[in-house]
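Have a look at the structure below, then the notes.
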Amino acid sequence: MPSTKCWHCHEIAQMVRPDENTDETYSFTGLHLSFFPDQRFSSEDNCPDLAIYSCVNCGYPNIAEIEIPEGAEHLGNFDPEDYITRWLPIEPMGRDFPDAPEPIAELASEAHKCYEIGANRATEIVARVALDAIVKEQEGDSPEGDNLFQRIAALGASGKITKRTSDAANVIREFGNDGAHNVLEPVDREYAGIVLQILDAMIEDLYSHSNLLAEAKAYIQNRKKKQKEASRGTNR
């Protein structure tokens, strides 16, 4: 059985055909799986087939888009599920950022969701908003500069972020500005994806790595303390 995130219950669940027994006694015959568009009314050629499945978690329908290569149906052990390309309606997954502050994690996940549904311009703009939130969090109560460029430069000059992080921040800032202001120019999906990778790396560097470092330092300090106490006990 194929699985996907259901648009209705928002859970990762198995999807079953309308005539499929969930006790796994069903064997696909190809006789009862309805494909769309209905060829009685459609004149489109070379378009993907759509098939309706049921979510085993909530029972609501999910639509599989299936692209079957010519002649594949004549192969042995043919199963249309092998050719599912995506599920509709699209339910974006986003991404978890457990080490980042909640507002930053939510914005970064929203940028990923935009990318997953093909909203490339929105991806770059929301990534820039997430960057703004990161800069505000790093500034604390003492922001410096009248715009995001100056504020990033001030963080770099103060040593709160490294030059590499500053460069990454400016890339996200420039892409976000371009997406927001050059509205008649198309946004390249490849580079929208690169912006996300840079944002992810920034969050990992600023929050995940620093948390791991703090945890490791605390462990070493606690270990040394226990060793020192054990040594004192031995020398008594």
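Points to keep in mind about this one:
- Here the condition is being open to solvent by less than 40 Å² (accessible area, probe 1.4 Å) and either under 27 Å from VAL16 (Cβ atoms) or modelled with pLDDT of 90 or more (or both); of PRO92, PRO98, it holds for PRO92 alone.
Okay, residues lined up against (1) at pLDDT 85 or above; (2) β-branched (Val, Ile, Thr); (3) in a strand (DSSP E or B):
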residue	(1), (2), (3)
SER27	no, no, no
PHE41	yes, no, no
ASP45	no, no, no
ALA51	yes, no, yes
SER54	yes, no, yes
ILE63	yes, yes, yes
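- All conditions in (1) over 23 Å from TYR191 (Cα atoms); (2) open to solvent by 40 Å² or more (accessible area, probe 1.4 Å); (3) among the charged types (D, E, K, R) hold for GLU65, with the sole exception of (2).
The values are calculated or read from the model by the stated rules, or taken from the named source; none is laboratory data. Keep in mind it's a predicted model, so treat the numbers as computed, not measured. Backbone-built Cβ (ideal geometry, glycine too); neighbour counts: all protein chains shown. Note: areas computed on protein heavy atoms with side chains; ligands, DNA, RNA excluded. Shrake-Rupley method; radii C 1.70, N 1.55, O 1.52, S 1.80 Å.
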